[in-house]
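Here the structure comes first, spelled out in structure tokens, and everything after it is commentary.
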Amino acid sequence: MSLKILESVDSSVVRDLRAEILSKRNRGNVLFEIKQITSNVLLDEAENLTGILDLFVRQIGYVGIGDRWQKITQTAANKIIVFVLTKDLAYSSKIMQVEEAEKISHQIFDLFQHTCNFFY
């Protein structure tokens, strides 16, 4: 499998969105990373997708989970993003208003113009 995950996407839109998230989440750690992927493998094959996901998370310092990735809908992904933005996951305290988190979630989805797959 020939696969390469390139450097983080560095555009003014991504920088502004990252800054907005960081300014509104004044507690806890925030990881917001968008990277460009190049590949000559078929992305529809499950083992290729999990390999790409694992490579991505390893490159940002975490451990891949292999075949435990679960494909979800965009609606489910939106709910997860909103939940993560609005709550401190360690203490469940409210950090951001739901309306603000929904706006940011929509901005994140607007960054991607093609059909997307979502995983958790």
Read through the list (1) surrounded by fewer than 11 Cβ atoms within 10 Å (Cβ to Cβ); (2) without any contact (Cβ under 8 Å) to a residue 40 or more places away in the chain, then give the number of the only condition that Glu102 fails. (1)
Scan Ile34, Ile108 and give me the residue that is at pLDDT 90 or above and within 15 Å of the chain's Cα centre (by Cα). Ile108
Mind checking which residues of the range 71-105 are modelled with pLDDT of 90 or more and charged (D, E, K, R)? Lys71, Lys79, Glu99, Glu100, Glu102, Lys103
Suppose we filter the range 51-70 for residues that are at pLDDT below 85 and more than 24 Å from Val30 (Cβ to Cβ); how many remain? 1
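The values are calculated or read from the model by the stated rules, or taken from the named source; none is laboratory data. The structure presented is a predicted model; accordingly, all values stated were derived computationally and were not measured. Here Cβ is always computed from backbone atoms with ideal geometry, including for glycine, and neighbour counts include all displayed protein chains.
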